[in-house]
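The structure appears right after this line, and notes come after that.
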Amino acid sequence: MFYETEKNDHGLPHNPFKAIVAPRPVGWISTVDGEGRANLAPYSFFNCVCDRPPIVLFSSTGYKDSVANVDATGEFVCNMASWDLRDQMNISSAAVPHETSEFDLTGLEMTPSRMVKAPRVAKAVTALECKHLQTVRLKGLDGVETDSYMVLGQVVGVHIDDDVIVDGCVDVTRYKPLSRLGYMDYAVVTEVFQMDRPKV
């Protein structure tokens, strides 16, 4: 099949775009606002974009609290959402008033970060402390600004639970990071394989 995205004439009951670009890691972003109130929200439009220096991005549809807090404070933490924390991650996606802390809503414990003011999720097996680089309001081909915002941050500190390090490597099968698919579907990593790059 083929369809034009502008016409959205795929004929399916749901738009397949996000099911095609999958799996996508879930960036569980913790921030504080200008008054120091904590916020926690998952973003499936998340990834790393380079490693020298280490830079990550997350993208938000709508100028939500996470984006506003990063713009205001210049800092955020990306916590790894794992299988054991799937229910709390899902609860933290609820649209709640600004003054409501998702840490309170989910019952998750906060723990201080070392290099940024935003707290970490205490039970997250990995966390990336980040400093804000820029926020970009995205535009379409017509040049019109969308209501989507891409936030770029440089990772300045990394936390890893020692229990997930095996033979000097982070073993994702030990904590099963969550990934977002299309629709309401999620997946976890339970199996990995290796392939060496070919030598030409």
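The values are calculated or read from the model by the stated rules, or taken from the named source; none is laboratory data. All figures in this text were calculated on a predicted structure; none of them were measured in a lab. Note: ideal-geometry Cβ built from the backbone for every residue, glycine included; neighbour counts use all protein chains shown. We work out accessible area using only protein heavy atoms, side chains counted, and drop any ligands, DNA or RNA first. Shrake-Rupley method; radii C 1.70, N 1.55, O 1.52, S 1.80 Å.
The condition of being more than 16 Å from the chain's Cα centre (by Cα), open to solvent by less than 70 Å² (accessible area, probe 1.4 Å) and on the phi > 0 side of the Ramachandran plot holds for only one of Gly62, Gly74, that being Gly74. Scan the range 130-140 and give yes if some residue there is open to solvent by less than 40 Å² (accessible area, probe 1.4 Å) and under 29 Å from Thr173 (Cβ atoms), otherwise no. The answer is yes, given that some residue of the range 130-140 is open to solvent by less than 40 Å² (accessible area, probe 1.4 Å) and under 29 Å from Thr173 (Cβ atoms).
Going by the conditions given, is Ala68 assigned to a helix (DSSP H, G or I), surrounded by 15 or more Cβ atoms within 10 Å (Cβ to Cβ) and either free of Cβ contacts under 8 Å to residues at least 60 places away in the same chain or touching an Asp or Glu at 6+ places or on another chain (Cβ under 8 Å) (or both)? So Ala68 fits the description; yes. Does Asp196 fit the bill of being assigned to a strand (DSSP E or B) and acidic (Asp, Glu)? The answer is no for Asp196.
Scanning the range 107-122 turns up one or more residues that are assigned to a strand (DSSP E or B), surrounded by 14 or more Cβ atoms within 10 Å (Cβ to Cβ) and either modelled with pLDDT under 95 or not aliphatic (A, V, I, L, M) (or both).
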